[in-house]
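Chemist: Supplied in structure tokens, the structure appears directly below.
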Amino acid sequence: MKVIDINKLDKKINISAGKPMPMGVSVNLGGVNFALAGDKTKKYELVLFEKGTTNIMSKIEFTEDMLYGNVFAMCISNMSPSEFDYGFLENDKLYEDEYAKVINGKENWSEKSDITYSVYENGYDWENTRPLNISLDETIIYKLHVRGFTMNKMSKVKDKGTFLGVVEKIPYLKELGINAVLLMPSYEFNEIKYKSKVSNVIGMPANMEVTENIGAYETGNEINFWGYTAGNYLAPKSAYCTGKMSVADEFKTMVKEFHKNGTQVFMEFYFAGGTSPYLIVDCLRHWVMEYKIDGVSVNFDVAPINMIKNDPILSGIKIIGDNWNIINDYAEKNGNEKRYAVINDSFLITARKFLKSDEGQVYDMSCKIKECRGDAGIIHYIANHNTFSVMDMVSYERKHNEENGENNMDGTEYNFSWNCGVEGVTKKRKVIELRRKQMKNAFAFLLLSQGTPMIYAGDEMGHTTKGNNNPYCQDNAISYINWNDLKANADLFEFVKMLIDFRKNHKMLMMSNEPRMIDYKGLGNPDLSLHGQLPWKPDYNYVSRCFAFMYNEDYVGEGKMYVVFNMYWEDAEFNLPVTKNDKKWKLAFSTDTATFTDTRTVLVKERTVAVFIED
């Protein structure tokens, strides 16, 4: 590599003390400002590289007059950001810019390369699009991995595994009925897990040591596919970029196109322990201001919830976390806006137990279908990235994670699943039919209940990870959505699409507050009532495996909806309640046969969900 003396440049660079705020690199009228948090007892240098290379043009030391507490700040002028890339040294060792917004050298997924940074410049045309503000009560979330969503060769996507590839699938998501996507980590995380350090990062001599916080490259090829690890939190992942435009502009294009189609964009962040709370807040601000995302999912064990709650820039976004205690505290102090939402496995566990006909589940399931809050959102799901998929939860009883290389020791041991009689893939027609019905039952549980439903990508078309409930390191067909499944399981997709449409057309399924289960408006029936095989008599016996519930839609419109959950392995007869003006019931849909024997009695097939509405 060559080092070019600064005095040999065609023009002089003016160097002066900079401003300690904002942190990171920013462009202003005075030039380019570099603000770096460090240790005032150590020496720090700014390294300038020839644009697009690792050839060093200059190393400029931060001097004492550039120190503000433990923040080093330098301003250089008379040099355009388009003319150079940069890096930092700490005592002659490479030092990571944790505020970097553009990372060079990670454009190719899972390939090692030298790392430099570029100055972020904003000039994107948003075409007057703005973030959406859809109520959590009316939101239907679709969680996806940017790479895994379109990498399969049958995805029929031109730009596979990229932000623009996701854009190509917006018509599909719109057809399904989704109005929010939750992106798994899409910031610049290190997808390769390494075993021993190597040097020569960003063009430095081979004998130069590397500071630990840079995430130095090491030998090995174990992939962290999901991205729940430390990274450069302010930079979108360049390996998800096609290169047709900058990675920032491609991410913005994805968000803009989602917003044009009435779909919110939420993003997951995993902040490693010890991450500065100021960095976290600055990170979330950056994504909200520059990328116009609608919400974030953060790990509250590290994220400074009090700072986030009091930040005016973050006041308009949805904040999702898994800690009920924190949600309780801050939801109560923010009225009915429902800025905060909790997400955990609670609904999944109860629904899966009830689905596979465990004993003693009727009461718990009847509580879950009405679970809702006026001050905070509750996100429900039946599958997630670290569980069996919906297909696998009806196909496997034991995890099969051998391909992860951890002797099947990773992943949860308890999946609350039932294989319907055969472990794994089978050609037995009756087993296949039962599995398909059970998947439809599971989606019915989810979309006929209160709370905000979330679907994990591919589940609506029967995606399988072959019994792997923790495919965190599988950058292959196991994790890629197989779009052939859409044809093979077209009936499942159509059923889920119908359920979403049904939910949108029945406001009682999207209540802002939990049903009170009393007739507080004097309409003749409670807003929600629980029943058994006989009206008004729910059976919470330990061996009971069925119940019914009625939504009184007169509270928000007109009519009534009666839902039967029969998870017993035998057909069951249900008497339907007498309705106002003695209206008749008609079957709206069911996952198997539900046959009227008279106007108020119906025989519901074993393991079947049936929904009736007033005719």
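Chemist: Please specify each residue of segment 448-465 satisfying the condition of being farther than 24 Å from ALA610 by Cβ and in a loop (DSSP other than H, G, I, E, B).
Modeler: ALA457, GLY458, HIS463, THR464, THR465 - these are the residues of segment 448-465 that are farther than 24 Å from ALA610 by Cβ and in a loop (DSSP other than H, G, I, E, B).
Chemist: What do you reckon, is MET510 touching a residue at least 60 places away in the same chain (Cβ under 8 Å), loosely packed, with under 15 Cβ neighbours inside 10 Å and closer than 28 Å to LEU136 by Cα?
Modeler: Working: touching a residue at least 60 places away in the same chain (Cβ under 8 Å): yes; loosely packed, with under 15 Cβ neighbours inside 10 Å: no; closer than 28 Å to LEU136 by Cα: yes.
Considered against the rule, which asks whether it is touching a residue at least 60 places away in the same chain (Cβ under 8 Å), loosely packed, with under 15 Cβ neighbours inside 10 Å and closer than 28 Å to LEU136 by Cα, MET510 comes out as no.
Rundown of residues vs (1) over 37 Å from the mean Cα position of the chain (by Cα); (2) part of a loop (DSSP other than H, G, I, E, B); (3) in contact (Cβ under 8 Å) with a residue 60 or more places away in the chain, yes/no style:
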{"position": "LEU36", "(1), (2), (3)": "no, no, yes"}
{"position": "THR41", "(1), (2), (3)": "yes, yes, no"}
{"position": "GLU45", "(1), (2), (3)": "yes, no, no"}
{"position": "PHE49", "(1), (2), (3)": "no, no, yes"}
{"position": "ILE60", "(1), (2), (3)": "yes, no, no"}
{"position": "MET74", "(1), (2), (3)": "yes, no, no"}
{"position": "GLY87", "(1), (2), (3)": "no, no, yes"}
{"position": "GLU98", "(1), (2), (3)": "no, yes, yes"}
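Chemist: Could you tell me which of the residues ASN104, ASN122 is touching a helix residue (DSSP H, G or I) at 6+ places or on another chain (Cβ under 7 Å) and of a type in the set (S, T, N, Q)? Explain how you work it out, then say what you get.
Modeler: Numbers: ASN104 fails: touching a helix residue (DSSP H, G or I) at 6+ places or on another chain (Cβ under 7 Å).
Answer to the selection: ASN122.
Chemist: Does segment 399-442 hold any residues that are under 28 Å from CYS473 (Cβ atoms) and either among the aliphatic types (A, V, I, L, M) or outside the structural domain of GLN474 (by TED's automatic domain parsing) (or both), and which are they? Don't jump to the end; show me each part of the working.
Modeler: Residues of segment 399-442 under 28 Å from CYS473 (Cβ atoms): 399-419, 422-426, 435, 439, 442.
Within segment 399-442, MET409, VAL422, VAL425, MET439, ALA442 meet the criteria.
Chemist: Is it fair to say GLU121 is surrounded by fewer than 21 Cβ atoms within 10 Å (Cβ to Cβ), among the charged types (D, E, K, R) and within 21 Å of LEU234 (Cβ to Cβ)?
Modeler: Numbers: surrounded by fewer than 21 Cβ atoms within 10 Å (Cβ to Cβ): yes; among the charged types (D, E, K, R): yes; within 21 Å of LEU234 (Cβ to Cβ): yes.
So GLU121 fits the description; yes.
Chemist: If you don't mind, another one. How many of the residues making up segment 100-113 are among the hydrophobic types (A, V, I, L, M, F, W, C) and in a strand (DSSP E or B)? Explain how you work it out, then say what you get.
Modeler: Going residue by residue through segment 100-113, those that are among the hydrophobic types (A, V, I, L, M, F, W, C) are 100, 102-103, 109.
Those left that are additionally in a strand (DSSP E or B): 102-103.
Residues meeting the conditions: 2.
Chemist: Of all residues being assigned to a strand (DSSP E or B) and within 36 Å of the chain's Cα centre (by Cα) in segment 582-605, which is nearest to LYS440 (Cα to Cα)? Just the residue, please.
Modeler: Our first condition is that a residue be assigned to a strand (DSSP E or B); within segment 582-605, this holds for 585-590, 594-598, 601-604.
From what's left, within 36 Å of the chain's Cα centre (by Cα): 587-590.
Details: LEU587: 17, ALA588: 15, PHE589: 11, SER590: 9 Å.
Among residues in segment 582-605 that are assigned to a strand (DSSP E or B) and within 36 Å of the chain's Cα centre (by Cα), the one nearest to LYS440 (Cα to Cα) is SER590.
Chemist: Which pairs turn up if I take residues in segment 306-322 that are of a type in the set (D, E, K, R) and look for partners that are part of a helix (DSSP H, G or I) with beta carbon separation below 8 Å, at least 6 apart in sequence or on another chain?
Modeler: LYS309/TYR330; ASP311/VAL281; ASP311/LEU284; ASP311/ARG285; LYS318/LEU136
The values are calculated or read from the model by the stated rules, or taken from the named source; none is laboratory data. Bear in mind that the values here come from a model prediction, so they are computed numbers and not experimental data. Note: ideal-geometry Cβ built from the backbone for every residue, glycine included; neighbour counts use all protein chains shown.
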